[in-house]
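These notes are about the structure you will find just below.
Computed from the coordinates by the stated procedures, all read-outs in this text should not be read as laboratory data. Predicted model, so just to flag it, every value in this text is computed and none were measured. Reconstructed Cβ throughout: ideal geometry from the backbone, glycine too, with neighbour counts over all protein chains shown.
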Amino acid sequence: MDQLLQHGLNALMLGGTYALLGIGLTLIFGIMKVVNFTHGELYAFGAYMMYALVMLTGVNFFVALPLAIALGVLLGAALELLLLRRLRGADIDTTMLVMIGAWIALQAAEQLAWTGVAKSINNPFPAAPLVVGAVSVAWNRVFVLVVALALIGLTYGLINHTKLGRAMRATFQDRETAALMGVQIGTIHTATFALGSGLAAAAGALLGPVFVAYPSMGDLAAAKAFAIVILGGMGSIPGATIGGFILALVEELGAGYISSGYRDAMGFALIIVILLFRPTGLFARKERIG
Amino acid sequence: MKSIFKPVWKSVAAAFAASLAVGTAVAQEPIKIGVTQPLTGAFAASGNYVAQGAKMAEDHINAAGGVLGRKIQLVIEDNKSNPTEAVATAEKLIGRDKVPVMMGAWSSTLTLAIMPKLMEYQVPMLVETSSSGKITTSGNPYIFRISPTSEMEARAFTPMVKGFNIKKADFLATNNDFGLGASQEFSQMLKKQGVQVGVMETMDPKATDFSAQLAKIKASGGDTLFVTTAVEQITLILKQAKEQQVRARIITTGGSNSPDQLIQQPGDAANGSFPLVFFTPWFPEAVKNADIARKFVAEWNARTHNVGGLTEGFRGYDGIHTIVEAIKQAGKPDAAAIQKAMWNVKVKGINGDIAFIKQGPAGKESAQNVPSVYVVKIDNGKVIKN
C-alpha cells in the first residue's frame, strides 16, 4: 500500500511537467498545423539556460526561472519568424523536413556550446525530503509541480479569457474565416509558437535542476510530448493536460509492477492500445484536424 | 616548341619532388593507434576522460622517443555512446585509417557491438572498460581486456560480505550487458554467502527518473543496495534515493562510479555510499605501482583535467602503454604480429601489473588481465579507505 501511494505521488510530481510539454506541442499543432520537431530542443534549451544563469552567472534561482522561460519564448518567436513564416502555405512534408533540420541543428548547437558532459544545476531547496507518513517527496519536485500547475492555469486563462486567446481559438477553428474577421494570422502564429516553445522551455527549466542537463535530453522529452498529444487527442488542451498525468501514472505503475527496465516503453504501449480503440485519442474534437 | 615543353618539364619535376617528399614521409610517418570512445551521448563524461588519459600516454611515449624509432599517433573516434555508431567507428579506423590495433570501446554493449568487426578484419582491440563476462568467453581471439569482469569484481568483494554484515541485498542495474551481468554475478556470489536476495531492478541506460524502481526497492527493505551503472545515472540515483528515503547502504560497482564526481554534485547524497573502484588516486601509495600512479595523478592535475576523471582516465593511459609495449615486442606495426605479441606483454600499469591470461573456448581464447579491485567509502565529502 505504501508502495502504491509512493508510485501515485511520484506520478503526480512527474505529470505536471509532462502536461506542460504536451500542452505546448498540442497548441502549436492545433493552431498552426505544424508538427514541431524542435519541441524537445526547446526543453533542453530551458534546462541549459538555467545552467547558464544559475551556475555560470550566479543569478538567483527564482529569478533565473522566469528568465529562462522568457528566453525560450524569444527563441520560439525567432524560429517562427525565421523559418515557419516563410513556409506558410508550403505543404506539410516541406515544413516537417525543415523542422527536422532545425531540431538537428539546435541539438548540435547545444552539444557545441555545452559539450557532451551532463551539467547539474544547484537548487535552493533543502536536500531532506518532505515526509508524509510512509511516503516522501523532494521539495524541489513539489516546487516543480506547483509551478507547472500555475503555468497550466495561466495558459488556460490566456486561451479562454483574453483577446489574444479568443483570436487563437478562432484561428484554431477556422483559419480563413478568422482572417476574414480581421485576425492577424501571422501574429497569432508567432504568438502560438512562442507560447508553446515557452512551455517546453519551462518544463526543461523546471526539470533541469531535478535531473541533469545534457544535449540529447530533448529527444526523450519530445517523444513523450508526442505521446501525450496523441493520447489526449491532437489539438486538445484538456486532453494534453490529462494525458500528461495519465502517461506519468502508467509509467510509474508499469515500472513498479511490471518491468522497470521498460519504463519508457510503457507509455508508448499505452498509446497503441488507446489508438486501437479510439483512433482520434481520448479527448479529440469530433471533426478531423489537419 | 620551347613554350610547349616548359610546363611539361615543370610538372614532371614537381611530381618527382612530390614522390621524394612522400618517400621521406613514409619513413617518419607515425604508427597509428585507433581509439573508439563515447565522446558524446550518455557516457560522454567517462569516454572523454579515457581519451584524455590515452593522450597523456601518447605524449609520454612520444617524448621518450616513440616506439620502433617512430612516433605514435592516436586516431580518436567518437562512438556517440551508441552501438551502431561504435561499429561505424571501427569500420572507419580499420578501413580508412588502416590502424593495426585499437583501444575501446567503453562499456560492454559498445565493445560487444564491435567484436564481430575484429573477427572480420583480424585486428586486435585492447578493451579498457567493459565488465560483461561475454566479451572474453565468446571465442574472439582479438580481444585483450585490461578491466576486470563482473565475476572478478564479485569475487574480490566476497571477503567483504562479512565485514559489511549484509543480510539482504537489492539490485538496481542499467538494462544492458554491463548492468545485467553485474547484478547476476553479485547476486550469485551473495547467495553462496547465505545472503538473501530481494528485488533485482533495471533501468534504461538513458533514464533519469528512478522513482518507481526506488519505491520498489524501499518496499523490499534490504540492508544493502548494489547499483551498477555509469556515474551520470549514479549521481541521480543517490540523490533520488535520499529523496525517497531509501535507507539501504549503497554499494556502486563497475568502476565507472567516479567518487570525486559524485562528491562534486550539490548536496550530500553521496555520503555513506561505497564505490567499488579499480584505482585509488586519493591514496596512490595503496596501489601496487605507487610511483607510476603518483606521476600520473600529478600529470593529470598539471593538465588541469577534472579530478573526477582520474578513475576513468587511468585506463586510457594503461591501455595505450600496453598496446605500445605489444607493438615494440612485435617489432612491426602489423595487426597479426601485435595480436601475437600482446600475449607476452608485461606492463607496470597504474592499476597494477598488466599481463593476460586465457579465457573462453580452447583454440580461440580471448585475453583477460587480472586487475586490482578496491572498495572505498565516501564520508563527509571525502573518499576514505574502507
Using only alpha carbon pairs under 8 Å that are at least six residues apart, calculate the relative contact order of segment A:176-290 and give it in whole percent. 24
For residue B:199, list long-range residues whose amide hydrogen, built 1.01 Å from N in the peptide plane, is under 5 Å from its own amide hydrogen. B:171
Overall form of chain B per C-alpha gyration tensor (a/c, 1.5; a/b vs b/c): prolate
Per-residue HN-Hα couplings for segment A:49-55 [Karplus 6.51, -1.76, 1.60; θ = phi - 60°; Hz; x = Gly/Pro]: 5, 4, 4, 4, 6, 6, 8
Reachable aspartates and glutamates from residue B:32, criterion Cα separation under 16 angstrom, eight or more residues apart if same chain: B:58, B:59, B:77, B:91, B:97, B:325, B:334
Taking a ≥ b ≥ c as the square roots of the Cα gyration tensor eigenvalues, with a/c under 1.5 meaning rounded and otherwise prolate when a/b beats b/c, else oblate, which class fits segment A:23-218? oblate
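Anything over 27 Å Cα to Cα? Flag those among B:117/B:358; B:92/B:288; B:98/B:364; B:168/B:358; B:92/B:358; B:80/B:364, in the order listed. Let's see the in-between values first.
Values: B:117/B:358 21 Å; B:92/B:288 37 Å; B:98/B:364 24 Å; B:168/B:358 35 Å; B:92/B:358 29 Å; B:80/B:364 30 Å.
Exceeds cut-off: B:92/B:288; B:168/B:358; B:92/B:358; B:80/B:364.
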Put in order of increasing Cβ neighbours within 10 Å, starting from the fewest, A:210, B:75 give B:75, A:210
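So, counting K/R as plus one and D/E as minus one, what does the shell of residues with Cβ under 13 Å around residue B:160 add up to? Don't jump to the answer; show the numbers that get you there.
On the way: positive: B:155, B:162, B:249, B:377, B:385; negative: B:153.
Once all neighbours under 13 Å are counted, the net charge is +4.
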Taking chain A as a Gaussian network, Cα atoms linked when under 10 Å apart, which of A:154, A:164, A:207 shows the biggest mean-square fluctuation? A:154
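Listing A:228, B:166 from the residue with the fewest other Cβ atoms within 10 Å to the one with the most, what is the order? Walk me through the intermediate numbers first.
Values: A:228 31, B:166 22.
Ascending number of Cβ neighbours within 10 Å: B:166, A:228.
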For the cross-link pairs B:242/B:385; B:71/B:348; B:55/B:239, which exceed 30 Å when the distance is taken from alpha carbon to alpha carbon? B:55/B:239
Pick out which of B:337, B:207, B:302 has the largest mean-square fluctuation in a Gaussian network model of chain B, springs linking Cα atoms closer than 10 Å. B:302
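Explain nothing, just the number: relative contact order of segment A:75-230, from Cα pairs under 8 Å at least 6 residues apart, as a whole percent. Please report the intermediate quantities before stating the final value.
Working: 96 pairs, mean separation 59.1, N = 156.
In percent, rounded to a whole number, it is 38.
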When the Cα centres of segment B:86-137 and segment B:240-319 are compared, how far apart do they sit, in Å? 26
So for R0 = 35 Å, FRET eff. of residue A:181-residue A:92 from the Cβ-Cβ r, to 0.05, ends up at 0.85
According to the square roots a ≥ b ≥ c of the eigenvalues of the Cα gyration tensor, what is the shape class of segment B:152-277, taking rounded for a/c under 1.5, prolate for a/b larger than b/c otherwise, and oblate for the remainder? rounded
What's the center-to-center distance, using Cα atoms, between segment B:326-386 and segment A:108-122 in Å? 33
DSSP loop trypsin sites (Lys or Arg not before Pro) in segment B:227-296 with at most 16 other Cβ atoms within 10 Å of their Cβ, which ones? B:247, B:288
Helix axis angle, A:139-161 relative to chain A longest principal axis, alpha carbon, degrees: 20
Name the residues whose placed amide hydrogens come within less than 5 Å of the amide hydrogen of residue B:349, ignoring near sequence neighbours (fewer than 5 apart) on the same chain. B:354
Taking the beta-carbon count within 10 Å as an exposure proxy, list B:127, A:273, A:117 from fewest neighbours to most. A:273, A:117, B:127
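Find the relative contact order for chain B and round it to a whole percent, using C-alpha pairs within less than 8 Å whose residues are 6+ positions apart.
18
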Between the helical axis of A:92-114 and the dominant principal axis of chain A, each derived from Cα atoms, what acute angle in degrees is found, rounded to the nearest 10? 40
Calculate how steeply helix A:163-173 sits against the longest principal axis of the alpha-carbon atoms of chain A, using the helix alpha-carbon long axis, and give the answer as 0 to 90 degrees to the nearest 10. 70
May I ask you to evaluate 6.51 cos²θ - 1.76 cosθ + 1.60, the Karplus curve with θ = phi - 60°, for each residue of segment A:213-227 and list the ³J(HN,Hα) values in order in whole Hz, giving x for glycine and proline? 9, 8, x, 8, 4, x, 4, 5, 4, 5, 4, 5, 4, 4, 4
